[in-house]
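The values are calculated or read from the model by the stated rules, or taken from the named source; none is laboratory data. Predicted model, so just to flag it, every value in this text is computed and none were measured. Virtual Cβ from ideal backbone geometry, glycine too; neighbours counted across all protein chains shown.
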Amino acid sequence: MLAGMSTRLRVSIVVIGDEILGGFVQDTNSHWLAQRLHALGVPLERVVTVPDELDAIREALLGELSRARPRVVLTCGGIGSTPDDLTMEAVAHSLGLALERQPDIDARITMALEWTARQGVDVTDQHERSMRKMAMVPAGSYLLSGAQGVAPGVALDVDGGSNAGGATIVILPGVPHELQRITEHGIEPLLLDGKGEPQHVAELQHPYPESTLNPVLERIVADYPDVHLGSYPGRVCTIRIKGPRERVEAAMALVREHLTTLDADEGTQRLKAAWQERWAGRESPRPAS
């Protein structure tokens, strides 16, 4: 068994783009991927966002590859034709690999250039060089199905790949509809299908301050270490528990029992009323100045 290898597949996401870090573009890709992974029962351990810089991409990539395996590392963005699209180069550099021309991608680019020329546009040598850049992938990469554009996703196995207990790097475009199509048709059947353990999720909302449930939440953490517990405060607080169905339902039964106790206590009812009044004051519109 490889050092640091576990039996359950895990996923990391490295989001690449100055436009995301600058606040110009919202990262919806990691949110969508997190939902898909949750449905498959494959744990998403972390999301890292880095700028369009070789050293930053390399640092993030090597950091994720150093974590427990088997693992899939998804990179999103940075595989276009402009000078700041550095993901392919960064992945190759991180693993000590050369870049090589991928014939299927190169054929797609040829068709795209021919289509551009038919529209009456002069395709210069410089324009063609920048487009051909997208066909250069780390040596040993293989093409993923599902893409319709000229920048399809590719994957690269490390130490035998995630299916053999190692790691697989998946290089995806940042365009959401392309990323989603490749994930559904190229990644899930090949790398993720049947690898996860879908989790049961139970939610409950209550009108009390979050801290009033601390005693029962602490008990759940101690007695149910195999479930994931989250408490999200607000005017209406949400308790979310996920894990094996029987364990989740047993833990949630403790929360309901605790809430029944709070409902029967006069002091807690006064606290609830004050809490709701406090939130009502926050949410009421301010008079125009």
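Might you check whether a residue that is in the same structural domain as Glu249 (by TED's automatic domain parsing), part of a strand (DSSP E or B) and small (Gly, Ala, Ser) occurs anywhere in the range 228-236?
Looking for residues that are in the same structural domain as Glu249 (by TED's automatic domain parsing), part of a strand (DSSP E or B) and small (Gly, Ala, Ser), one finds at least one in the range 228-236, hence yes.
With Gly174, Gly194 as the choices, which residue is modelled with pLDDT under 95, surrounded by fewer than 12 Cβ atoms within 10 Å (Cβ to Cβ), within 30 Å of Val137 (Cα to Cα) and not hydrophobic (A, V, I, L, M, F, W, C)?
None of the others qualify; the one that does is Gly194.
Assigned to a loop (DSSP other than H, G, I, E, B) and in the same structural domain as Glu64 (by TED's automatic domain parsing): which single residue out of Val121, Val170, Val137 fits that description?
Val121
Can you tell me how many residues within the range 35-52 are among the acidic types (Asp, Glu) and surrounded by 15 or more Cβ atoms within 10 Å (Cβ to Cβ)?
1
Being outside the structural domain of Ser81 (by TED's automatic domain parsing) and either surrounded by 15 or more Cβ atoms within 10 Å (Cβ to Cβ) or touching a strand residue (DSSP E or B) at 6+ places or on another chain (Cβ under 8 Å) (or both) is the requirement here; does Gln180 meet it?
So Gln180 fails the test.
Only one of (1) of a type in the set (A, V, I, L, M); (2) out of contact with any Ser or Thr (no Cβ under 6 Å at 6 or more places or on another chain); (3) without any contact (Cβ under 8 Å) to a residue 40 or more places away in the chain; (4) not in a helix (DSSP H, G or I) is not met by Val201, so which one is it?
(3)
Return yes or no: is Glu188 touching a residue at least 40 places away in the same chain (Cβ under 8 Å), within 30 Å of Gly77 (Cα to Cα) and either in contact with an Asp or Glu (Cβ under 9 Å, 6 or more places away or on another chain) or not in a loop (DSSP other than H, G, I, E, B) (or both)?
Values: touching a residue at least 40 places away in the same chain (Cβ under 8 Å): yes; within 30 Å of Gly77 (Cα to Cα): yes; either in contact with an Asp or Glu (Cβ under 9 Å, 6 or more places away or on another chain) or not in a loop (DSSP other than H, G, I, E, B) (or both): yes.
Here the answer is yes, as Glu188 does meet what is asked.
Which of the helices (runs of 4 or more DSSP H) found entirely inside the range 1-95 contain at least 3 residues meeting this: outside the structural domain of Gly161 (by TED's automatic domain parsing)? Even if it seems obvious, please write down each step before you answer.
Details: elements: 18-21, 29-40, 54-65, 87-94.
So the answer is none; nothing clears 3.
Looking at the range 12-43, which of its residues are at pLDDT 95 or above, under 20 Å from Glu197 (Cβ atoms) and touching a helix residue (DSSP H, G or I) at 6+ places or on another chain (Cβ under 6 Å)?
Matches in the range 12-43: Ser12, Ile13.
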